[in-house]
């Protein structure tokens, strides 16, 4: 059977999900490109079942399978490889790592390692440490070396380079070689700890803008959100679509907070009906989710600016039609 075409990048963006499909295509080829029907008819002590239509959807990238289904597919394909056979358990472990990254985000494998119960809080509130904070700190080379002062603020390393290497060799053994570099890239792009140390770079920067009135800034941002919700058709839906694309490309901060808020059905339901009329009745969590959907980031300008519009610059996920005071 010829190779099943993978969806193009316009339909399946580069990232963990595409990596998963690419790995499956390689395993399919290693098994000799068996037909989808032949794959679905393989029998064994598998955790799930397969139909030939489902196999085709998974191999093309049209469907994201549950783990039981994917494990069944992997075990079936490995069992069909007779030339230079592979270890079934090693392949299952490898695909579990790739699938986890695709299913729960760029560094989901680390989160599941330290928080196997998804109901637990995984990030903390900055006032106390949780296991995933420690995992990300150990992976971040910032804490093991003195970075050139032109690239980062001076700091005292928390562990030696040898300790960092040893800790991360154990991390690779736990989460697999595919998830580790994805997690490291996420950290280097900004997914590092945000504690409450008053000497942190974030606090040093915020001190430059201490004259910005927090209440006035909040009121301004809310007023801009309500204006867009009240004047633009489906701006919330379009923003969510844009955010999903950005997440798949690894370009969205606070992904974990968004996923945690979305996991509560009542918060998600309230956020979906947000409007100037309903805003006051929404919970603070639903309001926060709407803000994260609509806004990529907020930039605080120089404290000497004359107006709140000059001090607060909103970077929207979807630009204001025809331009405007925000970008």
Inset, instruction - Could you run through region 17-62 and say how many residues are exposed (fewer than 14 other Cβ atoms within 10 Å of the Cβ), within 26 Å of the chain's Cα centre (by Cα) and at pLDDT below 90? - result: 0
Inset, instruction - Test residue 286 against the stated conditions and say whether it is outside any helix (DSSP H, G or I), crowded, with 18+ Cβ neighbours inside 10 Å and without any contact (Cβ under 8 Å) to a residue 60 or more places away in the chain. - result: no
Inset, instruction - Scan region 253-283 residue by residue and report those that are touching a helix residue (DSSP H, G or I) at 6+ places or on another chain (Cβ under 9 Å) and in contact (Cβ under 8 Å) with a residue 60 or more places away in the chain. - result: 255, 256, 257, 259
Inset, instruction - Tell me which residues, restricted to region 301-319, are touching a strand residue (DSSP E or B) at 6+ places or on another chain (Cβ under 9 Å), surrounded by fewer than 16 Cβ atoms within 10 Å (Cβ to Cβ) and either modelled with pLDDT of 85 or more or in a strand (DSSP E or B) (or both). - result: 313, 315
Inset, instruction - Determine the pairs where a residue that is under 26 Å from residue 96 (Cβ atoms) and not assigned by TED's automatic domain parsing to the domain that holds residue 96, located within region 151-172, has a partner that is assigned to a helix (DSSP H, G or I) and at pLDDT below 65 with Cβ atoms under 7 Å apart, the partner being 6 or more residues away or on another chain. - result: 164/141; 167/138; 168/138; 168/139; 171/138; 171/139
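The values are calculated or read from the model by the stated rules, or taken from the named source; none is laboratory data. From a predicted model like this one, the values you see are computed outputs, not experimental measurements. Neighbour counts are summed over all protein chains in view; Cβ atoms, including those assigned to glycine, are modelled from backbone coordinates with ideal geometry.
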